Each structure stands twice: as C-alpha cells, then as structure tokens.
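The values are calculated or read from the model by the stated rules, or taken from the named source; none is laboratory data. All figures in this text were calculated on a predicted structure; none of them were measured in a lab. Cβ placement follows ideal geometry from the backbone for every residue including glycine, while neighbour counts extend to all protein chains displayed.
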Amino acid sequence: MIFDLDGHYKHKIAGTGVSKQEYVRINDIHTNNNTIYLLDIGTKRILEYDVNNNFINSNNLDCFLYSFLPVDEGYWGISYYSNKERYNLVLLNKEKNEIVKGYFQCENNLPIRPCNNFVTNDITKESFFYYPYNDTIYRIENNEIKPFIHIDFGNKK
C-alpha cells in the first residue's frame, strides 16, 4: 500500500496474480527515489513500479532469493546456496540475470533468517549487509563487500 507524507492511503501496488505486472508472494521490498522494488518469491522475480502504481519492469531470477538490495549494478541477494556455485550472498547483473560476484560459498546455508539483511543509510547512501550469529557487519561498495565493523563479544562469543 502507498501512503502520502501525511499518512493517508493513496493506493495499493498492482495486484496478485502471475502476469508480468502482478505478484504472488512478496518477501522483500525496497524503495529508491520514486521506484518501488518487490521481491516476489512465488515467481522468482523482482518487479519495479513507480510511486503512482505504474509498472516499470519485471526481472526473472535464475536463483531463488530470500532478501535483496537493488543497486546500480543489479541486485545483491541472499541466495541460500540455491545457485550452482552454492553462494549464500550474490550480486546479480540486472540485464543478464547472472551472478557477477558471490560470497560465503559453502555446502550449508548461513544462519540467515528470511528477512531483510541489508540496510542503507538514507543520508550517506552507504549500504551494509549483516546476518545473525556473526560478529561482522559488511559495507557494500564498488560491487564488493568489505568488513566494516567487527564486534568483539570477548568470552561471551
């Protein structure tokens, strides 16, 4: 649903269904300027709308994402090793829908809850990635993730 700055309801975003402009099951949502991005895990797509409910684009995904972050280069996503390279965190090229970068490659999934693991600072526009039970928060910059803050839990780790 879309609300104005005073909190008044304006309209809902599209509707449910399987057409190119509809969604089945929204698992994550992001806004960037006047674009609304929806992660539809029911159809493995990221849908884009403007704030006036006009459909912009639909991007099919080759791998299943639980959470995502739209960036200029494409999409960062939590993949839970649902890709052939078994990466848990991926950067997908928006046009070609291919993995550009992958991180945390392993046989098992990371202890990531199916929620949003990405945070963007609205003032500085810096983006960060974190996951539960880890002592490091990562900064996303220039198509890379880099350790940003390490939390020392001492003997409570």
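Scan the range 1-58 for residues that are on the phi < 0 side of the Ramachandran plot, surrounded by 14 or more Cβ atoms within 10 Å (Cβ to Cβ) and of a type in the set (D, E, K, R) and report the count.
5
Does any residue in the range 39-63 that is without any contact (Cβ under 8 Å) to a residue 60 or more places away in the chain and in a loop (DSSP other than H, G, I, E, B) come within less than 6 Å, Cβ to Cβ, of a residue that is loosely packed, with under 14 Cβ neighbours inside 10 Å and not hydroxyl-bearing (Ser, Thr, Tyr) six or more places away or on a different chain, and which pairs are these?
Within 6 Å, the pairs are Ile41/Arg25; Gly42/Val24; Gly42/Arg25; Thr43/Val24; Val51/Asn34; Asn53/His11.
Out of (1) at pLDDT 90 or above; (2) assigned to a loop (DSSP other than H, G, I, E, B); (3) surrounded by 11 or more Cβ atoms within 10 Å (Cβ to Cβ); (4) not aromatic (Phe, Trp, Tyr), the odd one out for Asn109 is which?
Here Asn109 meets the rest and fails (1).
Residue check, Leu69 against (1) part of a loop (DSSP other than H, G, I, E, B); (2) of a type in the set (A, V, I, L, M, F, W, C); (3) at pLDDT 90 or above, all met but one. Which one?
Unmet for Leu69, out of (1) part of a loop (DSSP other than H, G, I, E, B); (2) of a type in the set (A, V, I, L, M, F, W, C); (3) at pLDDT 90 or above: (1).
Just to be sure I understand the filter: pairs with C-beta atoms under 6 Å, separated by 6 or more residues or on different chains, first member in the range 67-87 and at positive phi and among the basic types (Lys, Arg), second member surrounded by fewer than 20 Cβ atoms within 10 Å (Cβ to Cβ) and assigned to a strand (DSSP E or B). Which pairs pass?
Short answer, once both residue conditions are applied: Arg86/Gln105.
List every residue pair whose Cβ atoms sit under 8 Å apart, with the two residues 6 or more apart in sequence or on different chains, where the first one lies in the range 117-134 and is outside any loop (DSSP other than H, G, I, E, B) and the second, anywhere, is surrounded by fewer than 10 Cβ atoms within 10 Å (Cβ to Cβ) and of a type outside the set (Ser, Thr, Tyr).
Here the result reads Ser127/Asn121; Phe128/Asn121, each pair linking the range 117-134 to a residue that is surrounded by fewer than 10 Cβ atoms within 10 Å (Cβ to Cβ) and of a type outside the set (Ser, Thr, Tyr).
All but one of (1) modelled with pLDDT under 85; (2) touching a Pro at 6+ places or on another chain (Cβ under 9 Å); (3) more than 19 Å from His30 (Cα to Cα) hold for Thr136, so report the exception by its number.
Thr136 satisfies all of (1) modelled with pLDDT under 85; (2) touching a Pro at 6+ places or on another chain (Cβ under 9 Å); (3) more than 19 Å from His30 (Cα to Cα) except (1).
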